[in-house]
Amino acid sequence: MEGAGGLHVKLGMTRVGIAFEAQPKSADARKKLGNVNLRHVSPIAAVSVYGAHNNNRSSGQDQALNFMEENAALNYHGANGDFRRYTMSKKHLDFKRMLDDTDFSDPSSIERYAANLDGMTFRDILELGIAPEGESAPKDFGSKKYKGGMGTLIEERYFGYKANSDDRPDFPEAGVELKATCFDVLKNGRKSAGERLVLTMIPYDRPVSLDYDSSHLKTKLSNILLIYYGRDRSIDKYDQRIERAVMVHLPEEDMKIIRADYEKIISYIQDGRADELSEGMTTYLGACTKGTTEATMWVDQYYEHLNTDTGEIERRRAKRRAFSLKRSYMDYVLHTYVLGAPRVGESIVRAADESTDFESCVTGLIERHYGETDRQIAEQYGLEYTGNKAQWTTLVYRMLGIKSNAAEEFVKAGINVRVCRVNKRGHIEQAMSFPPFEFKQLINEEWETSSFRARLETNRFFFVVFREDHEGEWRLDRCLFWAMPANEIEGPAKACWDEMRKVIREGVELNPYRDASGKLKVTNNLPGMADNPIVHVRPHTSKAAYKFADGTEIGDITRNAYELPDGRWMTKQSFWFNKGYLEHILGL
């Protein structure tokens with residue numbers, strides 16, 4: 001095409017636009033070109049430009065040369081005979097050709113193009129120069145304010161389409177959903193899924209259907225193109241490297257459980273009880289909270305709720321939530337479907353009746369042994385009776401038909417098996433603890449993202465109860481699945497967490513004294529069982545360790561204590577469920 005000043009431009013065309021700066025970056029770039037609009041042109045071949053010097057150059061001409069200098073192979077021939085060449089790497093051009101050759105109605109074609117991401121960093125992707133048509137400026141894809149993060153970067157800068165919040169899959173003609181997700185490398189070298197996989201928002205502003213087959217969630221789960229990258233917080237987020245791009249088809253036995261999870265979540269929503277949802281109440285598919293502030297997190301529910309206690313119709317506010325695959329399930333996907341590791345654990349339900357849901361299948365296998373003693377159950381499964389705590393857990397797995405102490409469904413769902421013993425007086429023998437916390441970390445957490453809240457929100461338990469009879473035998477009494485209700489998480493549990501942080505900030509009171517036997521004891525002012533109906537704080541270890549303000553030490557502080565903000569050290573502490581609360585859960 002011809003332009004002012006005798007300009008001639010020869011170039012190839014492609015479907016993908018390239019972003020370029022609106023202003024030239026240097027004086028050297030300001031060569032005289034004709035008035036040619038290259039805004040939506042993407043070079044696919046060498047570009048030759050012939051021009052003449054002219055003191056009346058236009059800004060559009062400057063932009064054109066600057067654009068081609070940065071984004072194309074360019075030969076510039078000036079009127080005075082000077083010659084300059086600018087070259088886009090062969091890799092850049094090859095990726096544009098591959099993208100143009102990709103059939104977006106064919107999942108296999110999409111997966112083949114995605115496979116080239118293996119080993120690339122996010123910075124490598126940005127340097128390809130691919131962008132949606134009309135995109136004119138780079139974005140900070142790592143910013144917390146930018147929705148979508150690295151997944152959006154891949155959508156826009158590798159696949160060349162504008163990211164959106166459409167209910168349909170990202171590649172609708174192929175029925176393929178694209179998701180970027182991370183893994184962490186643990187201290188032992190094992191790779192672990194870094195997060196849950198958020199699928200789509202749960203609508204609270206309109207009617208929702210209980211029919212999973214007609215839901216947009218099903219279309220997003222049919223074919224998932226997973227882009228796994230290693231999360232390394234010690235480097236720039238753009239330098240994190242993609243390890244694997246793979247198309248995942250979830251097995252039918254998992255989809256059956258996901259369907260039941262979906263129906264459970266929707267039934268709460270239709271009953272106007274979305275405020276009671278928590279991730280722990282389902283198996284593989286969770287309803288995770290969304291929103292970064294109180295103002296954006298809480299919304300009105302579409303459905304009304306009948307309060308059976310008052311007879312009043314209520315429309316309650318609930319936290320915004322999204323359908324997601326739980327982190328425990330994504331960990332299983334990472335190891336089994338991506339890294340090719342052997343399947344962990346045996347399946348409980350693979351051979352079960354198709355009409356039986358997961359929970360009914362599990363509880364039914366335990367219920368058939370109700371009333372039997374632990375000795376009788378051990379004998380049935382050929383186990384030597386030891387009477388120790390570990391054996392009761394083994395008995396649970398044998399009753400479920402599992403030869404090891406790992407059930408595939410429990411691993412995927414992150415379900416914790418807890419065996420409780422109830423004595424003749426009707427009380428459980430011990431409370432239940434959570435992992436220890438570090439004092440200085442706890443005071444720097446926010447409740448919504450705290451590790452304690454995450455455990456309460458996502459943990460799911462399978463309780464099995466043995467009750468002591470009048471002869472001192474332990475008989476199998478009951479079993480149940482349980483997850484902590486949302487109102488108890490946000491109520492008493494949060495209150496205990498808040499109080500613990502307050503005590504740490506204001507300074508923990510440590511009062512050493514010697515009891516009647518002369519043994520040294522230390523009292524404190526941490527929240528105890530009398531202060532909260534559900535949760536309290538107490539030592540996580542039986543080995544006391546302290547360092548006082550005067551430098552006096554008791555025990556091994558490096559192994560059994562954590563440092564307080566004021567420099568003193570205190571025995572490791574953790575949150576515990578009160579015994580009375582556990583007895584309430586178990587229906588004792």
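General observations
- In this entry, Asn416 passes the filter for residues that are surrounded by fewer than 19 Cβ atoms within 10 Å (Cβ to Cβ), assigned to a strand (DSSP E or B), touching a residue at least 12 places away in the same chain (Cβ under 8 Å) and in the same structural domain as Tyr370 (by TED's automatic domain parsing).
- The criterion of at least 1 residues that are under 19 Å from the mean Cα position of the chain (by Cα), under 23 Å from Gly280 (Cβ atoms) and in contact (Cβ under 8 Å) with a residue 60 or more places away in the chain is met, among strands (runs of 3 or more DSSP E) falling completely within segment 166-240, by 177-185, 191-193, 197-201.
- Residues in segment 512-547 that are closer than 13 Å to Trp576 by Cβ, of a type outside the set (A, V, I, L, M) and buried (at least 17 other Cβ atoms within 10 Å of the Cβ): Pro527, Asn532, His536, Pro539, His540.
- Among the conditions (1) under 26 Å from the mean Cα position of the chain (by Cα); (2) surrounded by fewer than 19 Cβ atoms within 10 Å (Cβ to Cβ); (3) closer than 21 Å to His249 by Cα, the only one that Asp124 does not satisfy is (3).
- Cys182 passes every criterion in (1) surrounded by fewer than 15 Cβ atoms within 10 Å (Cβ to Cβ); (2) among the hydrophobic types (A, V, I, L, M, F, W, C); (3) within 16 Å of Ala245 (Cβ to Cβ) apart from (1).
- Test: residue in segment 425-436 that is at pLDDT below 95, over 34 Å from the mean Cα position of the chain (by Cα), hydrophobic (A, V, I, L, M, F, W, C) and surrounded by 14 or more Cβ atoms within 10 Å (Cβ to Cβ): yes
- Residue in segment 197-222 that is nearest to Asp167 (Cα to Cα), counting only those that are in contact with a Phe, Trp or Tyr (Cβ under 8 Å, 6 or more places away or on another chain) and among the charged types (D, E, K, R): Lys218
- Candidates Arg460, Arg421, filtered to the one that is over 32 Å from the mean Cα position of the chain (by Cα), of a type in the set (D, E, K, R) and outside the structural domain of Lys326 (by TED's automatic domain parsing): Arg421
- Qualifying position, being assigned to a loop (DSSP other than H, G, I, E, B) and touching a residue at least 24 places away in the same chain (Cβ under 8 Å), among Tyr303, Tyr337, Tyr329: Tyr303
- Residue check for Val411: over 25 Å from Asn560 (Cβ atoms), surrounded by 19 or more Cβ atoms within 10 Å (Cβ to Cβ) and among the aliphatic types (A, V, I, L, M): no
- Counted residues, segment 272-293 - those being of a type in the set (D, E, K, R) and surrounded by 24 or more Cβ atoms within 10 Å (Cβ to Cβ): 1
Residue-by-condition table, conditions (1) assigned by TED's automatic domain parsing to the domain that holds Val246; (2) modelled with pLDDT of 95 or more; (3) crowded, with 17+ Cβ neighbours inside 10 Å:
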position: Glu346; (1), (2), (3): no, no, no
position: Ala352; (1), (2), (3): no, no, yes
position: Glu367; (1), (2), (3): no, yes, no
position: Thr373; (1), (2), (3): no, yes, yes
position: Gln376; (1), (2), (3): no, yes, no
position: Lys389; (1), (2), (3): no, no, no
position: Gly401; (1), (2), (3): no, no, no
position: Ala406; (1), (2), (3): no, no, no
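- From the options Glu509, Glu563, residue that is in contact with a helix residue (DSSP H, G or I) (Cβ under 9 Å, 6 or more places away or on another chain), exposed (fewer than 13 other Cβ atoms within 10 Å of the Cβ) and not aromatic (Phe, Trp, Tyr): Glu509
The values are calculated or read from the model by the stated rules, or taken from the named source; none is laboratory data. Source: prediction; values computed, not measured. Here Cβ is always computed from backbone atoms with ideal geometry, including for glycine, and neighbour counts include all displayed protein chains.
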